[in-house]
Amino acid sequence: MAENNITCKVLFFASAAEATGQREQTVEVALGATVAELFAILSSESPALQQLQKICAFAIEEKLVHADTEITESCTIAVLPPVSGG
């Protein structure tokens, strides 16, 4: 890990998992990066994920957060697209 970077775990659910082809990924981002910046990095690696940006919710350590929330070292971030069922 670079000195000015932090590592976090990202969990993908439903259509986000389909878009990335995985359910979990470890990502290294710059210190002070936000959830939105992380999502931009993930979208550049999986362009299908970009289509979900405006409809996904995000959680850090199981608490819903805004896209401008700063990421902390070793946190777990969930990408939560809307789901429906009945």
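The set of residues in segment 1-11 that are free of Cβ contacts under 8 Å to residues at least 40 places away in the same chain and assigned to a strand (DSSP E or B) contains only Asn5.
Does Glu28 satisfy the condition of being at pLDDT 95 or above, under 12 Å from the mean Cα position of the chain (by Cα) and more than 11 Å from Val79 (Cβ to Cβ)? For Glu28, the condition - at pLDDT 95 or above, under 12 Å from the mean Cα position of the chain (by Cα) and more than 11 Å from Val79 (Cβ to Cβ) - is met. A count restricted to segment 46-67 and to residues that are part of a helix (DSSP H, G or I) and surrounded by 11 or more Cβ atoms within 10 Å (Cβ to Cβ) stands at 3.
For Phe13, are the conditions met, namely being modelled with pLDDT of 95 or more, farther than 12 Å from Ile71 by Cβ and not hydroxyl-bearing (Ser, Thr, Tyr)?
Spelling it out, Phe13 is indeed modelled with pLDDT of 95 or more, farther than 12 Å from Ile71 by Cβ and not hydroxyl-bearing (Ser, Thr, Tyr).
A search for C-beta distances below 6 Å between a residue of segment 12-34 that is in contact (Cβ under 8 Å) with a residue 60 or more places away in the chain and any residue that is among the hydrophobic types (A, V, I, L, M, F, W, C) and surrounded by fewer than 13 Cβ atoms within 10 Å (Cβ to Cβ), counting only pairs 6+ apart in sequence or on different chains, returns Ala14/Val83. Any residue at all in segment 15-35 that is exposed (fewer than 14 other Cβ atoms within 10 Å of the Cβ), at positive phi and not in a helix (DSSP H, G or I)? Checked against the condition, which is being exposed (fewer than 14 other Cβ atoms within 10 Å of the Cβ), at positive phi and not in a helix (DSSP H, G or I), segment 15-35 yields at least one hit.
The values are calculated or read from the model by the stated rules, or taken from the named source; none is laboratory data. Note that the structure is a prediction, hence the values are computed from the model and not measured. Quick reminder, even Gly has a Cβ in these numbers, built from the backbone with ideal geometry, and neighbours come from all protein chains shown.
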